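The values are calculated or read from the model by the stated rules, or taken from the named source; none is laboratory data. Keep in mind the model is a prediction, meaning the values are calculated, not measured. So basically every Cβ, Gly included, is an ideal-geometry build from the backbone, and we count neighbours across all protein chains shown.
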Amino acid sequence: MLIYKIFRANEWAALQAAGETTGAPVDVADGFVHFSTAEQAAETAAKHFAGAEGLVLLACEADTMGEALKWEVSRGGALFPHLYRPLQMDDVLWSASLPLIEGRHQFPEQMQ
């Protein structure tokens with residue numbers, strides 16, 4: 001199953017340069033890297049990245065993250081994937097820009 005991480009361009013660049021990251025400031029503060037499922041990603045973008053430009057969507061395979069990936073109750077009682085180790089470049093299957101068009105982030109077709 002694919003899970004998704006939304007990063008700002010500078011956070012994505014830092015991951016590419018270092019090969020791993022403990023995530024965005026909210027991830028570091030919470031002690032895990034926040035992910036969303038395909039069904040949750042658009043709401044995550046609207047809630048936490050409203051109006052933000054220069055976003056990048058990362059796709060990762062949940063099944064390869066082992067026991068470091070926990071499914072925990074979050075927004076609205078839904079289970080969200082949380083990664084309790086640094087995110088590695090090797091975890092990233094693909095990335096895509098999330099352009100902001102008429103106030104909404106446009107997600108790539110391969111998520112459908």
#### Entry: Selection within region 26-46 - in a helix (DSSP H, G or I), in contact (Cβ under 8 Å) with a residue 12 or more places away in the chain, more than 13 Å from L98 (Cβ to Cβ) and among the hydrophobic types (A, V, I, L, M, F, W, C)
V26, A38
### Message
Show the residue pairs meeting these rules: Cβ distance below 7 Å; 6+ apart or different chains; first residue within region 73-98 and closer than 21 Å to G54 by Cβ and surrounded by fewer than 17 Cβ atoms within 10 Å (Cβ to Cβ); second residue among the polar types (S, T, N, Q) and at pLDDT 95 or above.
### Response
M89/Q16
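Could you list, in sequence order, the residues of region 47-78 that are assigned to a strand (DSSP E or B), of a type in the set (D, E, K, R) and in contact with an Asp or Glu (Cβ under 9 Å, 6 or more places away or on another chain)?
Within region 47-78, the subset assigned to a strand (DSSP E or B) is 55-61, 69-73.
This time we only want the ones that are of a type in the set (D, E, K, R), so: 61, 70, 72.
Passing the criteria: only E61.
Of all residues in region 100-112, which are surrounded by fewer than 13 Cβ atoms within 10 Å (Cβ to Cβ) and either small (G, A, S) or under 15 Å from the mean Cα position of the chain (by Cα) (or both)? Don't jump to the end; show me each part of the working.
Filtering region 100-112 for residues surrounded by fewer than 13 Cβ atoms within 10 Å (Cβ to Cβ) gives 101-103, 109-110, 112.
Scanning region 100-112 gives a single hit, G103.
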